[in-house]
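Data block below; observations after.
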Amino acid sequence: MTDEQPDWVCRDCGIKYSLRNKLVSLISTWHDDICGVCGKSTSVTEPRDFGYLRPEWKKERKQA
């Protein structure tokens with residue numbers, strides 16, 4: 001994926017900004033860190049586990 005993707009994404013942001021609007025990977029590794037989308041300290045995983053985020057995720061986040 002060449003679009004800028006955050007290193008880590010929480011469940012809520014992953015589902016909200018995902019290309020598929022759901023958790024895609026059946027096996028995901030989660031750990032406590034900072035979500036690269038919303039900035040909250042929570043459980044996060046890689047964007048690929050959501051099928052990556054839509055290219056417009058940064059613009060949509062700023063508008064919300």
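The values are calculated or read from the model by the stated rules, or taken from the named source; none is laboratory data. Remember, predicted model here, so these are calculated numbers, not experimental data. No Cβ is skipped: glycine too gets one built from the backbone with ideal geometry, and neighbour counts run over all protein chains shown. Accessible surface is based on the protein model in full, side chains and every heavy atom, while ligands, DNA and RNA are left aside. Shrake-Rupley method; radii C 1.70, N 1.55, O 1.52, S 1.80 Å.
Quick rundown of the values:
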{"item": "Qualifying aspartates and glutamates (Cα of each under 16 Å from Cα of residue 58; at least 8 residues distant if same chain)", "result": "3, 4, 7, 12"}
{"item": "Area accessible to solvent at residue 11, 1.4 Å probe radius, in Å²", "result": "140"}
{"item": "Per residue, in Å², the accessible surface of the chain once ligands and nucleic acids are set aside, probe 1.4 Å", "result": "69"}
{"item": "Of all accessible heavy-atom area on the chain, the percent that carbon and sulfur account for (1.4 Å)", "result": "48"}
{"item": "Expected 222 nm ellipticity per residue - DSSP helices of 4 or more, -39500 (n - 2.57), all of the chain, to 500", "result": "-5500 deg cm²/dmol"}
{"item": "For the chain: relative contact order, % (alpha-carbon pairs under 8 angstrom, 6 or more apart)", "result": "40"}
{"item": "In Å², nearest 10: area of residue 52 left accessible to a 1.4 Å probe", "result": "80"}
{"item": "Selected from 51, 39, 14 as most flexible by GNM, with the chain as the system and alpha-carbon contacts under 10 Å", "result": "39"}
{"item": "Only Lys, Arg (+1) and Asp, Glu (-1) charged, at Cβ; the chain dipole about Cα centre in debye", "result": "320"}
{"item": "Answer label, with volume of the Cα convex hull per residue in Å³ calculated from the coordinates and candidates [x] 100; [y] 72; [z] 60", "result": "[y]"}
